[in-house]
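Colleague: Just passing along the structure, written as structure tokens.
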Amino acid sequence: MNILLLGSGGLLGRYLAKELAAGHTLVAQTHQDADITDASRLDGLFARRWDAVINAAAVCDFDACEKNPGETGRINREAPLDLARRCAAQDALFVQYSSDYVFGGEDDRLLSESEAPHPLSVYGRQKADLEQLIPSACPRSLILRVSWLYGLGGKTFMSRMPGLLMQQQSVRTAAGKKGCCLYAADGAFWTRQLIEAGQTGLLNLVNPGGTSWEEFAQATLVQMNALGLAPKCGDIQTLPYEQLGPDWAKRPRYSCLDAGKLASVLPPGPRTWQEGLGEFLSAWKSVAAA
Ligand SMILES: NC(=O)c1ccc[n+]([C@@H]2O[C@H](COP(=O)([O-])OP(=O)(O)OC[C@H]3O[C@@H](n4cnc5c(N)ncnc54)[C@H](OP(=O)(O)O)[C@@H]3O)[C@@H](O)[C@H]2O)c1
């Protein structure tokens with residue numbers, strides 16, 4: 001397939017670029033190569049015909065979205081809708097990532113694709129708008145709802161966790177939020193499988209099993225010790241997430257995504273979060289040793 005990947009310099013984008021490098025004709029564009037709000041740059045890229053276009057570009061900075069809804073909305077809402085229309089015009093599959101932040105987190109109930117979104121934040125509303133508007137802008141679209149992404153070189157808290165545990169005697173993590181995580185390598189792998197299967201629609205894409213940041217930190221510590229990494233940290237402290245700042249309450253308290261639909265489309269579906277974490281830590285150990 002001819003595949004255009006936008007946002008290839010980000011956390012998921014880098015794993016996607018690696019995953020799709022073999023077996024497909026891939027054109028991977030970082031932010032520097034192609035700004036998704038730059039219509040003339042996109043005109044140039046869409047002069048070519050694509051079988052699939054993947055948008056991994058976004059502003060994931062929650063606070064930036066709260067402070068600048070207009071500016072971030074151009075990247076997180078308007079540009080993906082423009083890409084969806086461009087894909088529809090040439091019958092390309094459009095792949096867009098959404099987030100568990102489309103939910104408000106009121107109930108402790110596993111969230112399936114049929115659950116109605118109820119975003120509390122600007123970022124969550126931008127994503128909920130995409131889920132609603134992309135299917136009519138581009139009937140051949142695949143929207144993948146991901147959550148708590150982590151991987152090598154990532155800026156997210158979970159990505160930085162092994163480094164923090166190695167270097168600090170004490171690590172403090174937000175507590176009281178329950179959700180699902182996704183190792184970016186698995187995100188890229190399952191994106192590829194779904195594209196190759198010609199899948200469309202909305203799907204949750206996470207490593208199954210609910211967890212919390214404090215549990216993830218504890219599990220990372222245990223698995224690092226098992227891998228012989230000898231982390232310096234002996235004390236994981238917790239702080240209720242609502243106490244971290246006024247906008248933290250706009251993040252869902254509970255947002256565990258049900259990965260059952262993906263497992264039924266492509267059995268057996270993603271591995272558990274503990275297995276994904278183990279794979280990440282092995283890769284982290286190899287890079288640290290190099
Ligand atoms: N990270 C998570 O925990 C998480 C959770 C749920 C959903 N998601 C979604 O998953 C997708 C991938 O997220 P990620 O974690 O890989 O994000 P990321 O690491 O922040 O990467 C996003 C990439 O987009 C680029 N970008 C920003 N504005 C752009 C623009 N106008 N044109 C082109 N590129 C631009 C960024 O470049 P610069 O760095 O140069 O700005 C960066 O390389 C996003 O849709 C995100 O909303 C992520």
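Colleague: Please work out the FRET efficiency for the pair A230 and K18, using the Cβ-Cβ distance as r and a Förster radius of 35 Å; give the result to the nearest 0.05.
Modeller: That gives a FRET efficiency of 0.75.
Colleague: Measuring with a 1.4 Å probe in the full set of protein chains, what accessible area per residue, in whole Å², belongs to the chain?
Modeller: Here the per-residue accessible area is 42 Å².
Colleague: Lysines near K250 by alpha-carbon distance under 19 Å, same-chain residues fewer than 8 away left out - which ones?
Modeller: K250 reaches K67, K127, K177, K178.
Colleague: Project the alpha carbons of segment 1-139 onto their principal axes and report the range along each, largest first, in whole Å.
Modeller: Reported extents, whole Å, longest axis first: 44, 30, 28.
Colleague: Could you bin all the Cα-Cα distances of the chain into 5 Å bins starting at 0 and give me the percent of pairs in each, rounded to whole numbers?
Modeller: Spelled out per bin, shortest first, that is 1, 5, 12, 16, 19, 17, 13, 9, 5, 2, 0, 0.
Colleague: Between K178 and residues 5 or more places away or on another chain, which pairs have amide H atoms under 5 Å apart, with H built 1.01 Å from N, and which residues are they?
Modeller: So K178 has HN proximity to Y254, S255.
Colleague: Separate question: Over the Cα atoms of segment 146-202, each weighted equally, I'd like the Debye log10 I(q)/I(0) at q = 0.12, 0.29 Å⁻¹, rounded to two decimals.
Modeller: -0.41, -1.19
Colleague: Then there is this: On full extension of the chain, what length is gained from L133 through Q167, given 0.36 nm per residue of separation minus the C-alpha to C-alpha distance? Walk me through the numbers on the way to the answer.
Modeller: Details: separation 34, 0.36 × 34 = 12.24 nm, distance 4.47 nm.
Length gained between L133 and Q167: 7.8 nm.
Colleague: Considering only protein heavy atoms and a probe of 1.4 Å, how much of the accessible area of the chain is carbon and sulfur, as a whole percent?
Modeller: Within the chain, the accessible surface is 51 percent carbon and sulfur.
The values are calculated or read from the model by the stated rules, or taken from the named source; none is laboratory data. Keep in mind it's a predicted model, so treat the numbers as computed, not measured. Neighbour counts run over all protein chains shown; Cβ positions are idealised from the backbone, glycine included. In case anyone asks, the SASA skips ligands and DNA or RNA and just uses the protein heavy atoms, side chains included. Shrake-Rupley method; radii C 1.70, N 1.55, O 1.52, S 1.80 Å.
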